[in-house]
Amino acid sequence: MSNHSEKPANARDDWTIDQGWSDYTADEHAVWDLLYKRQMDVLPGRAAPEFLEGLKALDLGKGGIPEFEAMSDELEALTGWRVVAVPGLVPDEVFFDHLANRRFPAGQFIRKRNELDYLQEPDVFHDVFGHVPMLTNPVFADYMEAYGKGGLRSLDFAALKNLAALYWYTVEFGLIQTDEGLRIYGAGIVSSKTESIFALEDPSPNRIGFDLERLMKTDYRIDDFQQTYFVIDSYEQLFDATVKTDFAPIYDRMQGKFALKPEDVVADDAVITRGSQAYAKAGGRLAPVDGGK
Ligand code: PHE
Ligand code: FE
């Protein structure tokens, strides 16, 4: 969500830049199309219906990297959100301020063909394909604005880690229970082919029912598949639990620290799957291909 680098010279005061859509090469558009196709091979039946509806409503599969202005005009007509281009990660207060004003800050560069699967920094595919479809859902759209406002408020507390955990375990890596089974709504999952399968089907990770404080005190992996996914029943549940709760006493209790490790399961958890953690124990993403034998 943040780093501490200087604002680039080409960025405006709010850190936005031009998307530079006409500067994308044919090959960069082709990388978008390739990533889009790879995801659509795995997402039907795995992604939340609201995500798939959002993709369709914004016509994100029409070919090539979407142009932010045209896409934003359509999104704004639906939920009042727009997408603005930023140079990679931005300071927390800038990020929160954009969300609080229903602007989603998105990277404009696209990954190279030799790094389709693992990325250090979010690119336009993660940010637009992953995040923007859910912004067409009115309840989720309101949640994102509330998160931005909550983020601005949190700057007065030692709260950033705990508030970031909420974003991580919902906006980035959230699962939702539906009548047809578990589905993915988190942007970090839906934009990754391997994690889309892992998050739903692998026996390694825990899958635990959403509980606000439980999740805000849980550390998370930023460099590999999650060891625990939290499952909401509805976007209304997520909205109500966060918007109707005053976080100040929570921040005071947590003191900016994580009481639980990513893999922990505790007594009060509503456990859906208790994970074997086999993937993480074997070394995760960096495990030797021959299993070390
Ligand atoms: N209710 C939170 C607070 O008191 C604000 C918030 C809403 C935070 C939604 C995150 C998501 O700070
Ligand atoms: Fe993201």
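Numbers at a glance
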{"item": "Contact order normalised by residue count of the chain, Cα under 8 Å, 6+ apart, percent", "result": "18 percent"}
{"item": "Exposed-loop-free span, longest in the chain, where GluC sites (Glu not before Pro) count as exposed if DSSP calls them loop and at most 10 other C-beta atoms lie within 10 Å", "result": "7-179"}
{"item": "Percent RCO, i.e. relative contact order, over segment 1-148, from Cα pairs under 8 Å lying at least 6 residues apart", "result": "31 percent"}
{"item": "Accessible surface, per residue, of the chain when the full set of protein chains is kept, probe 1.4 Å, Å²", "result": "46 Å²"}
{"item": "Proximal lysines relative to K217, as straight alpha-carbon distance under 23 Å, when same-chain residues fewer than 8 apart are discounted", "result": "K149, K161, K244, K257, K261, K281"}
{"item": "Kirkwood-Stokes translational diffusion coefficient of the chain, alpha-carbon pairs, 10 °C, 1.306 mPa s, µm²/s", "result": "81 µm²/s"}
{"item": "Rg/Rh for segment 201-293, where both radii come from Cα atoms and Rh is the Kirkwood radius", "result": "1.04"}
{"item": "Around F125: net Lys/Arg minus Asp/Glu count, Cβ-Cβ under 13 Å", "result": "-1"}
{"item": "Accessible surface of the chain [probe 1.4 Å, protein heavy atoms]: carbon and sulfur percent", "result": "51 percent"}
{"item": "Separation between Cα centres of segment 5-34 and segment 158-217, rounded to whole Å", "result": "28 Å"}
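The values are calculated or read from the model by the stated rules, or taken from the named source; none is laboratory data. Quick caveat, the model's predicted, so the values are computed rather than measured. Neighbour counts are summed over all protein chains in view; Cβ atoms, including those assigned to glycine, are modelled from backbone coordinates with ideal geometry. Surface accessibility is based on the protein's heavy atoms, side chains included, excluding ligands, DNA and RNA. Shrake-Rupley method; radii C 1.70, N 1.55, O 1.52, S 1.80 Å.
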